[in-house]
Amino acid sequence: MRIAEVLKLAQRLEDVSDSPRLDTELFLCHVLEKPSSYLMTWPEKELTEAKVQRFYQCLERRQRGEPVAYILGMQAFWTLDLEVSADTLIPRADTEVLVETALNLLPNIPLRVADLGTGTGAIALALASERSAWDVWGCDRIIGAVELAKRNQTRLGLAHVTFVQGSWLEPLEGRFDMIVSNPPYIDQADEHLQQGDVRFEPLSALVAGEDGLSDIRHIITASCQYLAEGGWLLFEHGYQQATAVRSLFSEEGYSDVVTYQDYAGNDRVTLGCWRNS
Ligand code: GLN
């Protein structure tokens, strides 16, 4: 089979994917270990039988609805290529707003920063890639996620990150200048959980109680014991949760509570500042 013929198989993904052509190109690049420009330059190139078989395996997994990132085992986030696995949420572009907000709050001087529920390590590693002076910690309750985050760290060569296993703040010691998290925030009855790629992701990374706020509520309360004077706490949350999250911050005594929007204009990140006095 030639490259041009393989690309036509994109039509088989029309029912399951919003981007059949792109998915097909990604699978083909993955199998050939070539950049996408190669596909356009060499449409007449014949694939070996082994490569055709590997391509079909990718295509069939996608036809069953599996997310492209799990099939490739990789996902781009910020400026980084991250390994992903079924133990973790697939990093999303929305979460880059959390990274950007965190970077805008504090400069590149020696500071302690923690990422709770780090998963692939996406947020911790993106922050570390931009702030060489920070001492960044990433925690996750799932050992498979901690191991994955460490593999991503090693591949990216970001030595100033420490990944530890434990629930939310529990494995941490001392005080932090900033705590960030993209915790689960979907309520368990949300029908969004039954549709598309999200069906393949771990529920434990998505669902937080009946109102989707149970983990955010816990972290806001528990972080008071872990934030330095003037330290920041930032969350990603659902687009309809900003008012509730701001109230939780204010009730706990945080100040300077502000919400930021994602690239689609939806409320997505809320932060608060912890002052003892
Ligand atoms: N934004 C994700 C979604 O809607 C959920 C991410 C999360 O729960 N932290 O699929």
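Bear in mind these aren't lab numbers, they're just calculated from the coordinates by the rules spelled out. Fair warning: this is a prediction, and the values are worked out from it, not measured in the lab. Ideal geometry is used to build each Cβ from the backbone, glycine not excepted, and the neighbour counts take in all protein chains shown.
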* Asked: With +1 on each Lys and Arg Cβ and -1 on each Asp and Glu Cβ, how big is the dipole of the range 235-277 about its Cα centre, in debye rounded to the nearest 20?
  -> 60
* Build a GNM of the chain with springs between Cα atoms under 10 Å: which of Ile219, Ile90, Ile179 gets the top mean-square fluctuation? -> Ile219
* Asked: Based on the Cα atoms of the chain, what semi-axes does the equivalent ellipsoid have, where each is the square root of 5 times one gyration tensor eigenvalue, given in whole Å with the largest first?
  -> 38, 20, 16
* To do: Taking the dipole about the Cα centre of the range 75-274, with the C-beta of Lys and Arg at +1 and of Asp and Glu at -1, give me whichever of Asn266, Gly253, Leu80 is farthest to the positive side.
  => Leu80
* Modelled label-to-label distance, Leu193 and Gln11, 7 Å Cα→beta-carbon offset: nm? -> 3.8
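Would you work out the Kirkwood radius for the range 205-277? I mean one over the mean of 1/r across all pairs of different Cα atoms, in Å.
Hydrodynamic radius (Kirkwood, Cα pairs) of the range 205-277 is 12.5 Å.
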* Which of Thr101, Thr48 has the fewest Cβ neighbours within 10 Å, and the rest in rising order -> Thr48, Thr101
* Cα-based reach from Lys45 at 21 Å (exclusive), listing lysines while leaving out same-chain residues under 8 positions away -> Lys8, Lys34
* Asked: For Glu49 and Arg21 in one chain, what is 0.36 nm times their gap in residues minus the Cα-Cα distance, to one decimal in nm?
  -> 7.9 nm
* To do: In a Gaussian network model over the chain where Cα atoms closer than 10 Å are linked, find which of Ala149, Ala50, Ala133 has the largest mean-square fluctuation.
  => Ala50
* Relative intensity, log₁₀ I(q)/I(0), of the range 107-208 from a Debye sum that treats every alpha carbon as a point, q = 0.13, 0.14, 0.24 Å⁻¹ -> -0.48, -0.55, -1.22
* Residue order, fewest to most surrounding Cβ atoms within 10 angstrom, among Thr243, Thr259, Thr270, Thr95 -> Thr243, Thr259, Thr95, Thr270
* Structure fact -> GNM of the chain, Cα pairs under 10 angstrom: of Glu44, Glu83, Glu251, the biggest fluctuation goes to Glu44
* To do: Can you list which of the chymotrypsin sites (Phe, Trp or Tyr not before Pro) found in the range 170-277 are DSSP loop residues with at most 15 other C-beta atoms within 10 Å?
  => Tyr239, Tyr263
* Angstrom value of the Kirkwood radius, inverse mean 1/r, which spans all Cα pairs in the range 3-65 -> 11.6
* Structure fact -> Neighbour-count ranking for Val68, Val52, Val113 (other C-beta within 10 angstrom, fewest to most) reads Val52, Val68, Val113
* Structure fact -> The simple spin-label model distance between Thr243 and Tyr38, using points 7 Å out along Cα→Cβ, in nm, is 5.3
* **DSSP-loop GluC sites (Glu not before Pro) across the range 121-183, with at most 11 other Cβ within 10 angstrom** => Glu173
* Cα axis of helix 242-251 to longest principal axis of the chain: angle in degrees, 0 to 90, nearest 10? -> 30
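Please give the contour-minus-distance gain from Glu252 to Asp94: 0.36 nm per residue of separation, less the Cα-Cα distance, rounded to one decimal in nm.
54.2 nm
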